[in-house]
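The next block holds one structure in the form of structure tokens; read it before the comments.
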Amino acid sequence: MKKKAQSAPPYWNQIKPKLNQDSRIRPEVKNILNKIDGIVWELNPPPDAPKAVAYVSSEDANNNGKIDKIHMVLSNLPPNVPGSMDQAVDQILDMLEEDIGGILAHEGGHIADFNPNNPQNPFPGGEGVADSAEALFHQQKMAKLLTFLKENNLKEELYILKKISEQT
């Protein structure tokens, strides 16, 4: 029995253009995003990673030595964005974009780490490489925000943001 293909969450078409414009996302991840079959929408996570929101595998469909797909796990993503496109929904979409962008940066770390010539260990850097890529993604957003606050002389907001970032 062939598994029925899952479709993207309803907000995907609103987030995808923002992800494509985000300079923090690796070009090879954007290429996968823009392929018709680049994102595989899975209903459930793999058995060995029940909390996974996304994952890549060593599968190389066209044998070019590169990962071809990113699997997104629908059951671990928000199901929908309620309401009409008002300011609150825009803020939710911005948060989702940042969260999904971080997830894609994480998977991009795995993609960059992929070594098809090492079938015993195709991802030699493991989660450390991917976690570093995701952390860098979020740090770059924080750096942009800090620069904006400094340039616009928003001292109180800058102080609050620095305190928050020290706690994380």
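Nothing in this text is a laboratory measurement; each read-out follows from the coordinates by a stated rule. These numbers were taken from a predicted model, which means no experiment stands behind them. Neighbour counts run over all protein chains shown; Cβ positions are idealised from the backbone, glycine included.
Here the stretch 12-138 yields Rg over Rh of 0.97, to two decimals, using C-alpha coordinates and the Kirkwood radius. Residue by residue, the stretch 46-60 carries 3J(HN,Hα) couplings of x, x, 8, 9, x, 9, 4, 9, 8, 7, 10, 10, 7, 4, 10 Hz when phi is fed to the Karplus relation 6.51 cos²θ - 1.76 cosθ + 1.60 (θ = phi - 60°); x denotes Gly or Pro. Here the label points at Ser58 and Glu28, each 7 Å from Cα along the C-beta direction, are separated by 1.5 nm in the simple model.
Rounded to the nearest 0.05, the FRET efficiency derived from the C-beta distance between Asn13 and Lys150 at R0 = 45 Å is 0.80.
If I stretch the segment between Ser132 and Gln21 completely, what's the gain in nm (0.36 nm per residue apart, minus their alpha carbon distance), one decimal? Each step should come with its number before you reach the end.
Details: separation 111, 0.36 × 111 = 39.96 nm, distance 2.13 nm.
Gain on extension, Ser132 to Gln21, equals 37.8 nm.
With θ taken as phi - 60° and the Karplus curve 6.51 cos²θ - 1.76 cosθ + 1.60 applied, the whole-hertz 3J(HN,Hα) list for the stretch 66-73 is 10, 5, 9, 9, 10, 8, 9, 9 Hz, x standing for glycine and proline.
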